[in-house]
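Scroll down for the structure; my scribbles are underneath it.
Read the figures in this text as sums done on the coordinates, not as results from a lab. For clarity, every value in this text was computed on a predicted model and none was experimentally measured. Methodologically, a virtual Cβ is constructed for each residue, glycine included, from the backbone with ideal geometry; neighbour enumeration extends over all protein chains shown.
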C-alpha cells in the first residue's frame, strides 16, 4: 500500500509535525509512506519538496495567481496580527501539484494552506480514482478562510461579513472563498473524500459545516513517539534549563503566545492572582518572548528537538493550556506522555485528553478564577499529582502512541481502497451490461 501525504511543511508548526509523525509511524509498521511538501526541513529521503514546472508559461501563471491572491487580501488591511491564520483557497500552483503526485493508493491531506489550490487540485485528484483522506488539523478545510472561527458559526452557512477580516460585506473574501471551495469539492464524489478528525469536537464541527457536512468522518487522535516524549528526572530537567529546584513550575507552550486563541493573557491573569502557592514560576516555550508582570517568568524560546522538549515537560509540576479553541491540542498529548498533569480550559478537543482528577483538571473556557483554582489544586496536592502523572503516562502510551495511530490509519486506508475498488467494479459491470 502506497500512501502520499500532502502537507505545506514537514516540520514548521504543530500541524506539520503531526503529519510527519504519522508518516514516520506508518513506515515503522511497514506502510510505504511518502510526503510531498512545499517546505522541506527534515533530511528524510521519503519526503520530497514540490518543484513546480519551470517553463516560462508556468512561471507566468504562478506570478499572476500570486498577484491576484495578494490583491484580494490587501482589501482587508486592518486584520489584527494577534488572530490566527486566514488562508485563501487559491495558491500559485493551480493544478500543477496533481501532475507531480507519485503513483499511490491513497492521498492523505493535512494542513495544506498556501499549497493545495482547491479549484486546481480537487477536481483533478478525483479523476485519479484513489481515495482522498483529509486529516483536519483545524477548521480551515470547511470555512471561508479562517482556521478557527472564534465561535462565529458562519461556516454552517456561507460565511460572509467576516469579523476576522473586519468586514461588513456579505460578499466579502470569506464568501468568495466559500463559493469556490463549494464548487471544487462538489466535483469530488462523496465516497472519494474521507475526513479524519483528531477529536470529537472537530468531528462535530465538520459535520455541522456547509462544505463538508455530508462527508464521512473517522476520529483518530494524533500520535507521537512515546520514546522521545517520556517521563524525565525533574532535577536533571531543571538543571538542564537552569531552573530553580524548589520552584512550583507552571509550563505554557505555543507557537506564539501573542495569538489570542492560545489564551496566554488568561493564564497570566490566573497566576498573577494566585495565593497559597510559594515559589511559583511560569515557564514558557515558543516563539517571541511573552511579557508578564507581577510574576516570576522564564522564557525558553523555541525548542525544535522532541527529546529536549520532553525535558521542559519534565521540569514542570503542571502544564497549562488556556486555548479558547483547539482541534486536538498536540502539546497536551506531549505533556501526558511525559507524565506531567494538564490543567486546561474545557475547549475543543482538549476535553478528550484532560480527564478531571485522572490526567489533570478542566475549567470552563475564559473562567479565570476557575482556571486559577484548578492550577492551585494540582500544585497543592503532591500525592494526587503523582498519581495523575502515572495515569498520564499510561493513557498516553495506550491511546496516543505512533503505533496506535498508524495502525488505525492503515485500517482506514485499506477499507477505503477496498470500497473504491468495489465501486469501480460495480460501475464497470453496470456499464458493460448497458452496452
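Sorted on the mean count of surrounding Cβ atoms within 10 Å across their residues, most packed first, peptides 323-335, 352-364, 206-218, 306-318 read 323-335, 306-318, 352-364, 206-218. For segment 234-399, the relative contact order is 22 percent, taking Cα pairs closer than 8 Å that sit 6 or more residues apart in sequence and dividing their mean separation by the residue count. Relative to the dominant Cα principal axis of the chain, helix 306-315 is inclined by about 30°.
Test of understanding: express the Cα radius of gyration of segment 200-278 as a ratio to 2.2 N^0.38 Å, with N the residue count.
For segment 200-278, the normalised Cα radius of gyration comes out at 1.67.
Once every DSSP H run of n ≥ 4 in the chain is given -39500 (n - 2.57) and the sum is divided by its residues, what mean residue ellipticity at 222 nm do you get, rounded to the nearest 500 deg cm²/dmol?
Numbers: 14 runs with 170 residues, N = 435.
Rounded to the nearest 500, it is -12000 deg cm²/dmol.
Between the Cα long axis of helix 56-73 and the first principal axis of the chain there is an angle of about 50°, rounded to the nearest 10. Where a ≥ b ≥ c are the square roots of the eigenvalues of the C-alpha gyration tensor, would you call segment 234-399 rounded, which needs a/c under 1.5, or, failing that, prolate if a/b is larger than b/c, or oblate? Rounded shape, in that the Cα axes give a/c under 1.5.
Across the chain, Cα pairs under 8 Å and at least six residues apart give a relative contact order of 14 percent.
For the chain, the longest principal axis of the alpha carbon atoms and the long axis of helix 368-379 meet at an angle near 60°. Relative intensity of segment 12-53 on a log10 scale, I(q)/I(0) at q = 0.17, 0.21, 0.23 Å⁻¹, equals -0.45, -0.67, -0.79, per a Debye sum over C-alpha point scatterers of equal strength in the absence of solvent.
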